[in-house]
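Note sheet for the following structure.
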Amino acid sequence: MRKLSLLGSTGSIGTQTLDVVRHQQDIEVAALAAGSNIDRMEAQIREFKPEIAAVWDEARAKELKIRTADLPVRIVSGMSGLIEAAVCEEADMVLTAVVGMIGIQPTLEAIRAGKDIALANKETLVCAGHLIMPMADAYNVKILPVDSEHSAIFQSLQGNSCNKIRKILLTASGGPFRGKKKKDLEHVRVEDALRHPNWVMGRKITIDSATMVNKGLEVMEAKWLFGTDLDQIQVVVHPQSVIHSAVEYQDGAVIAQLGTPDMRLPIQYALFYPQRRPLDSEPLDLFKLSSMTFEAPDMETFEGLALAYKAAEQGGLMPTIFNAANERAVAMFLDGKIRFLEIPEIINMAMKAIKNENNPTVDQILEAEAAAYELIESR
């Protein structure tokens, strides 16, 4: 019986993970963690009966404790609570779907505790890949990707460990503004940017898709997950989102993973790897699809993608600065404080202003995040 600790249980990935758990007979939830949505968390606790439930917001955690007083669940809060959920003794796998750099420390502690990691938190590898991957090797822990693109790459690599790859083909839908130029994006509204053509996701990641910053973060993540050079990772805009990504081998063969857009597939594959299990999703009908198209990304219009490659090339703290600046800029855009096109401008400003450091510690990563936030708030 697999026992799961789910960090980020009330978000999009978290709720879809619990849907997978709901339809399988040999997996149980040992721990749940969320931010502040205690209404949803209470319902999850009552259905899945975890031993531990962590809520980031301390006041909300106290309220949840009162509301679940009739249940044998321990309510904890803050970073210590998140870590407690991650290292829960009963769990053998941690699926981390929290948003932001708060996912780094719980992931490190879970690895130290010998838990396999199903990873849906980009920031963990973007900012701390140089710490995470060597530690996973040292503790003989699996890092299993949950993002649809990285799962597709992972699936396309199966059975080919002895074969050299030429490149990773990382697909992107292009988001709601594919084909637009900068002049077309001067007056973008929040509701326009949240209108993703293919995927249903959280607000922050949907904006990241619209700016293509999300694809830049995925490039950085792929570098660490698959041990490749940056020039081996090629972004390909594929509007139909049917090919989720592919691998080109040295003989020219390209192996890809295809499917209808349904995040439960990569979630379930990570939870039960290497097994493939039945999933009640709509099957891919190639006759209905009839055609697939591919384009090169427009890095002049979607400058965030170009800046991501630059941050990855510089390494050290620069991916953290890139990510932190984007987080704050996206929050400001969602609050109506800045224009859509100011998001990459703010990222670029932070990357130029904050000093880089090689091989940063977790403390240095968190300090760089705070420095980026402070810089942007004072601009």
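The values are calculated or read from the model by the stated rules, or taken from the named source; none is laboratory data. Because the structure is predicted, anything quoted here is derived from the model rather than measured. Quick reminder, even Gly has a Cβ in these numbers, built from the backbone with ideal geometry, and neighbours come from all protein chains shown. Just the protein is used for accessible areas: all its heavy atoms, side chains included, with ligands, DNA and RNA removed. Shrake-Rupley method; radii C 1.70, N 1.55, O 1.52, S 1.80 Å.
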(request) Would you work out what percent of the accessible area of segment 95-150, with all protein chains in place, is carbon or sulfur (probe 1.4 Å)? (result) 46
(request) Please give the FRET efficiency for Gln24 paired with Glu342, using the beta carbon to beta carbon distance and R0 = 51 Å, rounded to the nearest 0.05. (result) 0.70
(request) Determine ³J(HN,Hα), in whole Hz, for all residues of segment 311-316 in sequence, where each value follows from phi through the Karplus function 6.51 cos²θ - 1.76 cosθ + 1.60 and θ = phi - 60°; x replaces Gly and Pro. (result) 5, 5, 5, 6, x, x
(message) Can you tell me how segment 79-197 classifies by the Cα gyration tensor, rounded, prolate or oblate, using a/c under 1.5 as the rounded cut?
(response) oblate
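Would you work out if segment 88-147 is rounded, prolate or oblate? Take a ≥ b ≥ c from the square roots of the eigenvalues of the alpha-carbon gyration tensor; rounded if a/c is under 1.5, else prolate when a/b is larger than b/c, oblate otherwise.
Details: a/c = 1.57, a/b = 1.20, b/c = 1.30.
Oblate shape, in that a/c is at least 1.5 and b/c is the bigger or equal ratio.
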(request) Starting from the Cα of Lys3, draw a straight line to each of the lysines and keep only those under 20 Å, dropping any in the same chain fewer than 8 residues away. (result) Lys49, Lys115, Lys142
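Looking at the square roots a ≥ b ≥ c of the eigenvalues of the Cα gyration tensor of segment 299-379, which shape do they give, rounded for a/c under 1.5, prolate if a/b is larger than b/c, or oblate?
Numbers: a/c = 2.35, a/b = 1.32, b/c = 1.79.
Since a/c reaches 1.5 but b/c is at least a/b, the shape of segment 299-379 is classed as oblate.
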(message) Give me the 1.4 Å probe accessible area per residue for the chain, excluding ligands and nucleic acids, in Å².
(response) 44
(request) Please give the solvent-accessible surface of Lys182 in Å², to the nearest 10, using a probe radius of 1.4 Å with every protein chain present. (result) 90
(message) Nearest 500 deg cm²/dmol is fine: what mean residue ellipticity at 222 nm does the chain get from its DSSP H runs of n ≥ 4 alone, each adding -39,500 (n - 2.57), divided by its residue count?
(response) -14000 deg cm²/dmol
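With both partners inside the chain, how many of the DSSP beta bridges are antiparallel, as a percent to the nearest 5?
On the way: 10 of 40 bridges.
Of the beta bridges lying entirely in the chain, close to 25 percent run antiparallel.
Hey, got the dipole for segment 157-261? About the Cα centre, +1 on K and R Cβ, -1 on D and E Cβ, debye to the nearest 20? Write out the running numbers ahead of the final one.
Working: 14 positive and 11 negative charges, 61 e Å.
The calculated dipole for segment 157-261 is roughly 300 debye.
Mind checking segment 236-325 for trypsin sites (Lys or Arg not before Pro) that DSSP puts in a loop (not H, G, I, E or B) and that have at most 15 other Cβ atoms within 10 Å? Don't skip to the answer; put the middle values down first.
On the way: sites: Arg264, Arg276, Lys288, Lys310; in loops: Arg276.
Here the sparse-neighbourhood loop sites are Arg276.
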(request) Give me the net charge of Asp184's neighbourhood, meaning all other residues with Cβ under 15 Å from the Cβ of Asp184; Lys, Arg count +1, Asp, Glu -1. (result) +3
(message) Could you work out what % of the accessible surface of segment 294-379 is carbon and sulfur, using a 1.4 angstrom probe and leaving DNA, RNA and ligands out of the count?
(response) 47
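Out of the chymotrypsin sites (Phe, Trp or Tyr not before Pro) in segment 196-241, which ones are loop residues according to DSSP with at most 16 other C-beta atoms within 10 Å? Don't skip to the answer; put the middle values down first.
Details: sites: Trp199, Trp224, Phe226; in loops: Trp199.
Passing both the DSSP loop test and the Cβ count: Trp199.
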(request) With springs only between Cα atoms under 10 Å apart, run a GNM on the chain and tell me which of Ala253, Ala34, Ala91 wobbles the most. (result) Ala253
(request) Quote the charge dipole size of the chain about the Cα centre in Debye, to the nearest 20; the model charges only the Cβ of Lys and Arg (+1) and of Asp and Glu (-1). (result) 400
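Cα-Cα over 19 Å: which of Lys167/Lys215; Lys183/Lys310; Lys183/Lys352? Write out the running numbers ahead of the final one.
Numbers: Lys167/Lys215 16 Å; Lys183/Lys310 24 Å; Lys183/Lys352 25 Å.
Exceeds cut-off: Lys183/Lys310; Lys183/Lys352.
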(message) Using a Debye calculation, one point per C-alpha and no hydration shell, please list log10 I(q)/I(0) for the chain at q = 0.07, 0.09, 0.14 Å⁻¹ in order.
(response) -0.30, -0.50, -1.29
(request) Express in whole angstrom the spacing between the alpha-carbon centres of segment 124-177 and segment 322-366. (result) 24
